[in-house]
Each structure stands twice: as structure tokens, then as C-alpha cells.
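Structure, as C-alpha cells:
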Amino acid sequence: MSYCTVEDLRAEGVNEEDYSDEQLERLIAVSCEFIDSVTGQWFEPREKVMLLDGRGGRNLVLPVFASSVECVKVCGELIDDYILYNRPEDRAYPKLYRRTRWPSGKLNVEVSGVFGYVEEDGSTPPAIKRAAMKLALYNFPALSDSEAQEEKTLRGLLHSETTDGHSYELSEDAVSELASSAITGDAEIDQILRTYMRPRFRMAVA
């Protein structure tokens, strides 16, 4: 996962004397995972199989935008009587429409496809790329102890972490505060992250 590259950061004036490629790749990885955690979605195409709850409505709201769907199963049976809303304007409210309704049940709908909040050509939105770059450049300063710096920078937002996979989980209190409080302390980054946050009404019946 990478919403920006080492070359992007080099173009911003980061030289090899200050940061090695390895250090920059680590900073980028942490920044991108932080963005995913805060927004509740991701910004590159990923092939996924999602198990979702049918809720009795005609719209099956997806947790993340699907640019394409390979197949859909309901209670284990393959169906094709659905419409995927995958236009650019549908990215904030992605869904599958079925006139005969999605039967109520737990994890009874299986959707296989390519998911991710991306541009029409499959690329990362420019604003997300900028946020990733700024997080790597400014929110994670020159490192003598990279893990300590990351822990300090993300203190108060993170509930847990796994250093090998750079995996982070937001605490419940942090999630509830994000919409009304500073996220990183950088006004531009915070505005970008709020703009791309997954709406909480996403699982409503329609």
C-alpha cells in the first residue's frame, strides 16, 4: 500500500543525507495506514470478498466503493439481478441495488470485486496523496528512533499497533472525537481526512 512514493518525497526536497529510501518507505507506510484508520476506507484498488448483512431493503450499502463486482451470492446462491452504483459520484455512498430486495440475515450476502475509493482511472485521489506526503514529511520528523517518533506522533489516536505490518487501530474514544477535534494538528491534513471519512450511516436500510 502506498499513496505516494519515495520519488514524490525526494521531489519535495528530502535528500538522502537526511532520510534513506528505507526510512521514507517506512514513513509512507505508516502515513497510509494512519489515513486508512482515520477515514475507515482505502484509496487504491484491492480485490476483496466481502460478507455483508442483508437488511431487507433494495439497496445493499457497501462499506467501501466498488469499482467493479465479479460476482454476488445470496445465501450461497449466485445472483445477477442487481445493479452496481459505481459512478464517481457514487463513491460517497456505494451500493448494490436489487428490486427484489436483499433478504435479512447475518453475513448472508457475498460480494466479490475490486474495492477502494479511487479516481476513474484507478489512481489515488490527489488530496489523499498530498495528505500522505505531508504526514510523512511533517508529522514524522527526522528520525533517530523511528518507532518512538511514530508512537509520539500518533499518541491519543491509536489503541494498538503491530510494528512489523505497521497496523494501527483507533480507539473508540478517538473515533467519536475525530469529526469535531484536531486529528493531526495540521489544518490541511485534517480537512482532507474529514472529507474522506466513511459516513456513519453507511449501513442503513434503504
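The values are calculated or read from the model by the stated rules, or taken from the named source; none is laboratory data. Values in this document were obtained by computation on a predicted structure and should not be read as measured data. When we count neighbours, we look across all protein chains shown, and the Cβ atoms used for this are built from the backbone with ideal geometry, even at glycine. These area figures cover heavy atoms from the full protein model, side chains too; ligands, DNA and RNA do not enter into them. Shrake-Rupley method; radii C 1.70, N 1.55, O 1.52, S 1.80 Å.
Some points to look at:
- Here segment 96-117 is the region considered, the condition is being outside any strand (DSSP E or B) and open to solvent by less than 10 Å² (accessible area, probe 1.4 Å), and the residue that is farthest from Gly56 (Cα to Cα) is Gly116.
- Among residues of segment 38-52 that are among the aromatic types (Phe, Trp, Tyr), those with a beta-carbon under 6 Å from a residue that is open to solvent by less than 20 Å² (accessible area, probe 1.4 Å) and part of a helix (DSSP H, G or I) at least six positions away or on a different chain give the pairs Phe43/Ile128.
- Matching option when the condition is closer than 30 Å to Ser104 by Cβ and within 23 Å of the chain's Cα centre (by Cα), among Leu9, Leu52: Leu52
- Selection status of Ile189, modelled with pLDDT of 95 or more, closer than 20 Å to Ser2 by Cα and either among the basic types (Lys, Arg) or assigned to a helix (DSSP H, G or I) (or both): no
- Screening segment 176-186 for residues that are of a type in the set (A, V, I, L, M) and buried (at least 17 other Cβ atoms within 10 Å of the Cβ) and picking the one that is modelled with the lowest pLDDT gives Leu178.
- Wholly enclosed strands (runs of 3 or more DSSP E) of segment 1-90 bearing at least 2 residues open to solvent by 20 Å² or more (accessible area, probe 1.4 Å): 46-54, 66-74, 77-79, 83-85
- In this entry, Lys129 is excluded by the filter for residues that are part of a helix (DSSP H, G or I), within 24 Å of Ser2 (Cα to Cα), at pLDDT below 95 and not hydrophobic (A, V, I, L, M, F, W, C).
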